[in-house]
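Down below is the structure, laid out as structure tokens.
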Amino acid sequence: MKIRHLALLLNLGLGLLACSGTDYASVSKEVNEMLAKDVALTAEDKTKVMALRAEGERLHQEGKTQESLEALKQAREILQRAKDADLLRKSEG
């Protein structure tokens with residue numbers, strides 16, 4: 001049963017990532033919204049997300065659109081995994 005829940009959550013998370021926007025503004029907004037919701041991150045992951053977010057901003061300002069998106073997408077992926085893990089913990093509650 002727990003494996004089924006995990007598989008469902010992972011598929012849902014991957015589906016949301018696939019459907020979400022792929023331009024700088026939408027990905028940046030999504031990362032910021034996820035951070036504002038106080039996703040349960042380890043200190044290491046929070047540091048990594050913040051660094052990737054800052055790198056994405058810097059690269060965007062330098063006109064390096066693709067590199068900027070890659071950094072932001074990595075940050076979003078870390079946040080989504082943490083969110084999925086939190087949902088799984090709550091469902092097992």
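Ordering MET34, MET50 by how much accessible area each has at a 1.4 Å probe, largest first, what is the list? Can you show the working numbers first?
Values: MET34 15, MET50 75 Å².
Ranking MET34, MET50 by accessible area, largest first, yields MET50, MET34.
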Computed accessible area, ARG58, all protein chains, 1.4 angstrom probe, square angstrom | 110
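What does the charge add up to near LEU59, with Lys and Arg as +1, Asp and Glu as -1, over the other residues with Cβ less than 10 Å from its Cβ?
Working: positive: ARG58, LYS64; negative: GLU55, GLU57, GLU62, GLU67, GLU70.
Cβ neighbours under 10 Å give a net charge of -3.
Once you have the Cα-Cα distance between LYS46 and SER26, take 0.36 nm times their residue separation minus that, and quote the gain in nm to one decimal.
Numbers: separation 20, 0.36 × 20 = 7.20 nm, distance 2.03 nm.
Length difference between fully extended and current span is 5.2 nm.
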Arrange the residues ASP84, ASP45, ASP23 by how much accessible surface each exposes, largest first, with a 1.4 angstrom probe.
-> ASP23, ASP45, ASP84
Going from most exposed to least, what order do GLU44, GLU70 have by accessible area with a 1.4 Å probe?
-> GLU44, GLU70
THR42 accessible area, 1.4 Å probe, all protein chains in place, Å² to nearest 10 = 80
Check cross-link reach from LYS37 to the lysines: straight Cα distance under 27 Å, and skip same-chain residues fewer than eight apart.
-> LYS2, LYS29, LYS46, LYS48, LYS73, LYS83, LYS90
Once Lys and Arg are counted +1 and Asp and Glu -1 for all other residues with Cβ under 13 Å from that of TYR24, the total becomes -1
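The values are calculated or read from the model by the stated rules, or taken from the named source; none is laboratory data. Please read these numbers as outputs of a predicted model, since none were measured by experiment. All Cβ positions, glycine included, derive from the backbone under ideal geometry; neighbour counts span all protein chains shown. Surface accessibility is based on the protein's heavy atoms, side chains included, excluding ligands, DNA and RNA. Shrake-Rupley method; radii C 1.70, N 1.55, O 1.52, S 1.80 Å.
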